[in-house]
1. Between the helical axis of 73-86 and the dominant principal axis of the chain, each derived from Cα atoms, what acute angle in degrees is found, rounded to the nearest 10?
2. Along region 9-25, what does the Karplus equation 6.51 cos²θ - 1.76 cosθ + 1.60 (θ = phi - 60°) give for ³J(HN,Hα), rounded to whole Hz, x for Gly and Pro?
3. I need the trypsin sites (Lys or Arg not before Pro) found in region 15-63, filtered to DSSP loop residues with at most 14 other beta carbons within 10 Å of theirs.
4. Working from Cα positions, state the angle (0 to 90°, nearest 10) between the long axis of helix 104-114 and the longest principal axis of the chain.
5. Which residues in region 15-54 have a backbone N closer than 16 Å to a point placed 7 Å from the Cα of V119 along the Cα-to-Cβ line?
6. Kindly work out what percent of the DSSP beta bridges joining two residues of the chain are antiparallel, to the nearest 5.
7. At 7 Å along Cα-to-Cβ for each site, give me the label-to-label distance between K131 and R51 in nm.
8. Carbon and sulfur: what percent of the chain's accessible surface (1.4 Å probe)?
Amino acid sequence: IQWTGGECTILDLPKFVKYAKEIGYKKQALTTNAFLLSGKIDELAENGLDRVNVSLDSLNKDTYKEITGVDGLDKVKVAIRECHKRFKPIKINIALMNKNIGEIKDFINFGRSLGDNVVIKFHELWKFKPKEVYKKEHVSEEEIYKKISSVGNIEEIKTIKGNNPTIKYYNMLVDG
């Protein structure tokens, strides 16, 4: 089961996770903005949650608030750290856009600061409405690759096969 929906912990998610485990689901993952996740991780894990993917829009408080509409960066970073202690690996998903493309190295360094078993996933901003915002903020896959390559040496990992054929995986060495 993939629990998702922005911040699905506004529901009594531990109860649903536990029920899903009781009726036989073997794998359960959560995709979240993590705004309300802190303090719930242990209960979720004990009830059957196996994996967490956190969406992170910026590491700059003002930019984070501008993108998300909430002053929640500190809460999200706490939740990410709590998740990393409990789940291996933890995935951090970042939709790169003009507002945050300059933070690539910061995102990578944040992931590295957590230690091993962290996957940073950069991806294009998906098309959405209003179109003007998408046009203003969209950064192409080629530009993202170029920007990431400027931070460190990368090599494609061809042994990882996900369920989305458009996603490519890379190992990266970052200096400093």
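1. For helix 73-86, the angle is close to 60 degrees.
2. In residue order, the calculated couplings are 7, 5, 7, 7, 4, x, 5, 5, 4, 4, 4, 4, 5, 4, 8, x, 6 Hz.
3. Passing both the DSSP loop test and the Cβ count: K26, K27.
4. The helix 104-114 is inclined about 40 degrees to the chain.
5. Label zone hits: 27-32, 50-54.
6. Looking only at bridges with both residues in the chain, the antiparallel portion is about 30 percent.
7. My value for the distance between the label points is 3.6 nm.
8. Taking all protein chains in place, the chain shows 50 percent carbon and sulfur surface.
The values are calculated or read from the model by the stated rules, or taken from the named source; none is laboratory data. If you're wondering where the values come from, they're calculated on a predicted model, not measured in any experiment. A quick note on method: Cβ atoms are made from the backbone with ideal geometry, for glycine too, and the neighbour counts reach across all protein chains shown. Ligands, DNA and RNA are excluded from the accessible area calculation, which covers all protein heavy atoms including side chains. Shrake-Rupley method; radii C 1.70, N 1.55, O 1.52, S 1.80 Å.
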